[in-house]
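The values are calculated or read from the model by the stated rules, or taken from the named source; none is laboratory data. The model shown is predicted, which means the values in this text are computed figures rather than measured ones. When we count neighbours, we look across all protein chains shown, and the Cβ atoms used for this are built from the backbone with ideal geometry, even at glycine. Remember, those area values only see protein heavy atoms, side chains included, never the ligands or the DNA or RNA. Shrake-Rupley method; radii C 1.70, N 1.55, O 1.52, S 1.80 Å.
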Amino acid sequence: MADRNTIQKEIIHHTLCEMRSHPTASMVYDRVHRSHPTISRSTVYRVLARMAEDGKILRLELSGGESRYDGDLSPHCHVRCRLCGAVADLPAIEVGAPADDGGFLLEDCAVIYRGVCPDCRRAGKETG
């Protein structure tokens, strides 16, 4: 039988993958807590952080807010609404290495588009 820690990790990972909205750790905790009230907030935050460090999920560091998490490891880009903060997936694009790395040891590249989401556009907020 799997130990409690492993079961909690599976529950948290499964919940994140079901959400598909690129939630914050707090949003994942809220969802997990509804069906598994014994899993603590600190456990959810710790497990998400560890899974991101281990490359099992993506941590999206977006300006102007908390980290968001993504259980989809397939190649893809993201778009973030500049008004409401919603995050969605976009098809992957190929990005080549820059001609000059500025002295950095390049480790990763993430393409994040910014714009206005369909809900905000329907509400007429795009000039906000």
* Structure fact -> Residue pairs qualifying under the 6 Å Cβ cut-off, at least six apart or on distinct chains, with the first in the stretch 41-66 being among the aromatic types (F, W, Y) and the second being in a helix (DSSP H, G or I) and open to solvent by less than 20 Å² (accessible area, probe 1.4 Å), are Y45/A25
* **Members of the stretch 58-91 that are in contact with a Cys (Cβ under 9 Å, 6 or more places away or on another chain), surrounded by 18 or more Cβ atoms within 10 Å (Cβ to Cβ) and more than 18 Å from C109 (Cβ to Cβ)** => G71, C81
* Asked: Any idea which residue in the stretch 8-26 is surrounded by the most Cβ atoms within 10 Å (Cβ to Cβ), counting only those that are farther than 16 Å from A52 by Cα and either modelled with pLDDT of 95 or more or in contact with a Lys or Arg (Cβ under 7 Å, 6 or more places away or on another chain) (or both)?
  -> M19
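Yes or no, residue by residue, for (1) in contact (Cβ under 8 Å) with a residue 12 or more places away in the chain; (2) closer than 27 Å to D54 by Cα:
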{"residue": "R82", "(1), (2)": "yes, no"}
{"residue": "A88", "(1), (2)": "yes, yes"}
{"residue": "E94", "(1), (2)": "no, yes"}
{"residue": "F104", "(1), (2)": "no, yes"}
{"residue": "Y113", "(1), (2)": "yes, yes"}
{"residue": "C117", "(1), (2)": "yes, no"}
{"residue": "R122", "(1), (2)": "no, no"}
